[in-house]
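Here's the structure we're looking at; comments come further down.
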Amino acid sequence: VEKLGLDAQAKAFVFDALARPVDMVEIASAANGQEQASELYLVSRLAIDPDHPAERAYLEALGHRLKLPPDLVAHLDRQAEAALQAAPA
């Protein structure tokens, strides 16, 4: 958050959003089309560790709720994994 150069109000919004429980229906309903649905899935995939069963189940349910085709989900998973491996430690 610090690297984004956000003002205090924007930072507060981000931290408040992160502190709220996740409502998958709300997240999925925010998507207007497959492009936004893909972006929402990708952001979720980058934020959690799919090696944990509960988090993998969340991603599977999110992909289903967003109505993403399995081949697109697989592509987004590969894209996220490549981005995570390329990120500095």
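The values are calculated or read from the model by the stated rules, or taken from the named source; none is laboratory data. The shown structure was predicted, so the numbers you read here are calculated from the model rather than taken from an experiment. Virtual Cβ from ideal backbone geometry, glycine too; neighbours counted across all protein chains shown. Keep in mind that these areas ignore ligands, DNA and RNA; they rest on the heavy atoms of the full protein, side chains included. Shrake-Rupley method; radii C 1.70, N 1.55, O 1.52, S 1.80 Å.
Descriptive notes on the structure:
- Residues in segment 44-89 that are among the polar types (S, T, N, Q) and touching a Leu at 6+ places or on another chain (Cβ under 7 Å) were compared, and the one that is surrounded by the fewest Cβ atoms within 10 Å (Cβ to Cβ) is Gln79.
- Boolean, Pro21 is of a type outside the set (S, T, N, Q), open to solvent by 50 Å² or more (accessible area, probe 1.4 Å) and at pLDDT 95 or above: no
- Counted residues, segment 23-56 - those being on the phi < 0 side of the Ramachandran plot and without any contact (Cβ under 8 Å) to a residue 24 or more places away in the chain: 19
- Subset of segment 36-58 (residues that are of a type in the set (Lys, Arg) and in contact with a helix residue (DSSP H, G or I) (Cβ under 7 Å, 6 or more places away or on another chain)): Arg45
- Segment 57-68 residues that are in a loop (DSSP other than H, G, I, E, B), paired with ones that are of a type in the set (A, V, I, L, M, F, W, C) (beta carbon under 6 Å, 6 or more apart): Leu66/Ala28; Leu66/Ala31; Leu66/Ala37; Leu68/Ala37
- Residue within segment 24-35 that is open to solvent by 80 Å² or more (accessible area, probe 1.4 Å), touching a helix residue (DSSP H, G or I) at 6+ places or on another chain (Cβ under 8 Å) and modelled with pLDDT of 90 or more present: yes
- Of the residues making up segment 24-56, those that are assigned to a loop (DSSP other than H, G, I, E, B) and under 16 Å from Ala80 (Cβ atoms) are Ile48, Asp49, Pro50, Asp51, His52.
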